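**Q** Okay, here's the structure, questions in a sec.
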Amino acid sequence: MSAVSDQLVTFAILVYLVAMISHAVEYALGNVRAVAARVAPARELVGAGVGGPGVDKVDAATATAATRPPTSVPPSSRPSRSAGRARLAGRIAAWLTVLAAALHLGALVTRGIAADRMPWGNMYEFVLTVTWIGTAAWLVVLWKRPSLRRLGLFLTLVMVLLLAFAELKLYVPVVPLMPALQSYWFIIHVSTIVFSSGIFLLGVVPAVSFLLRNGYEQGRRSFPYTLARRLPGAADLERLTFALHAFAFPVFTFAVIAGAIWAEAAWGRAWGWDPKETWAFISWVVYAGYLHARATPSVKRNVATWIAVLGFLTVLMNLFGVNFFFTGLHSYAGVA
């Protein structure tokens, strides 16, 4: 089962990669409707004068013929074909993401069967689970709001990078759960941490996209703001960012409390400023600051969103930095 899990992870990465390419095709062809809309009014004005009062029929026919393109193909046919291809590429990308999520889930399930426990015992398994939660949440958002589909380009990019990093740098063979983690609190605490971290992972995608799109709408045309030219509107991205963080924050709060209760039972103290405890507290404070800033009318939305991005950076520090650079009671990375 362990070998099957490893193979499924590899297949999932490849499918995520193809989905990302399909999203890129849709993204590249995403402005053809605007081109068609600009062409259509000009053609309408020419036709409006034909046969009108005071216009000779022969002259009108000559003028109409002169405005026709040299070929028999209507001017809007090429943009229409491109728009159709963009939509097709977007649908293919969405279905490929569904397939990748199914393979991803299969990798988690087979890993859990091989280990005879929940697959959250080390950093490799934690990253696999967090990324799957982020993808599953994205598919729910996509089902509810199809107009946000172009965000899938950035979501699949994040999945490819994180899963590839997990495979190359974090992979460890299946091992039994260490004694310190053998408790029912393992499921309660880690499941809520994994779930909230996965939603935060998804939430940072529209957060960064909003910052880029907001700058583009304000007239900035330098890199990287030009990347947001074909993204959904800034207001929609900002609302999605807030909704995801408002949903994840209470779950994360419960996870921190559950961890303190587990620490009391396991180590005889609820809080000891262990590096992972400290960074979890920092993440909680930053995300609380984001929600407070978002609810304060005097704070600009881009300022609040920067706080949300900072919050995710603290999550990454807690996941990778603490495990690699610090030693504590939570050193369960499983890597050298």
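Bear in mind these aren't lab numbers, they're just calculated from the coordinates by the rules spelled out. Since the structure is predicted, the reported quantities are computational estimates derived from the model, not experimental observations. Neighbour counts are summed over all protein chains in view; Cβ atoms, including those assigned to glycine, are modelled from backbone coordinates with ideal geometry.
**Q** Taking the Cα centre of the range 137-236 as the origin and placing charges on Cβ (Lys, Arg +1; Asp, Glu -1), which of 218, 165, 175 is farthest toward the positive end of the dipole?
**A** Value: 218.
**Q** Taking the Cβ of residue 105 as the center, what net charge do the other residues with Cβ under 14 Å away carry, scoring Lys and Arg +1 and Asp and Glu -1?
**A** In short, 0.
**Q** Could you grab the Rg to Rh ratio for the range 199-272? Cα atoms only, Kirkwood for Rh. It would help to have the intermediate numbers written out before the result.
**A** Values: Rg = 18.6 Å, Rh = 14.4 Å.
My calculation puts Rg/Rh at 1.29.
**Q** Here's something else I'd like to know. Take residue 188 and residue 226, extend 7 Å from each Cα along the Cα→Cβ direction, and tell me the distance between the two endpoints in nm.
**A** So the label points at residue 188 and residue 226 sit 5.5 nm apart.
**Q** Please report, in whole Å, how far the alpha carbons of the range 213-336 spread along each principal axis, starting with the longest.
**A** Ordered largest first, the range 213-336 gives principal extents of 56, 35, 20 Å.
**Q** Taking the Cβ of residue 245 as the centre, find all other residues whose Cβ is under 15 Å away and add up their charges (Lys, Arg: +1; Asp, Glu: -1).
**A** Numbers: positive: 239, 294, 301; negative: 238.
Here the count lands on +2.
**Q** Hey, any idea what Rg/Rh is for the range 111-229, computing Rh the Kirkwood way over Cα pairs?
**A** So for the range 111-229, dividing Rg by the Kirkwood Rh gives 1.09.
**Q** Would you mind counting up the charge near residue 96? Only other residues with Cβ under 14 Å from its Cβ, with Lys and Arg at +1 and Asp and Glu at -1.
**A** Result for the neighbourhood of residue 96: +1.
**Q** What dipole magnitude, in Debye to the nearest 20, does the range 132-259 give about its Cα centre under +1 on Lys/Arg Cβ and -1 on Asp/Glu Cβ?
**A** 540 debye
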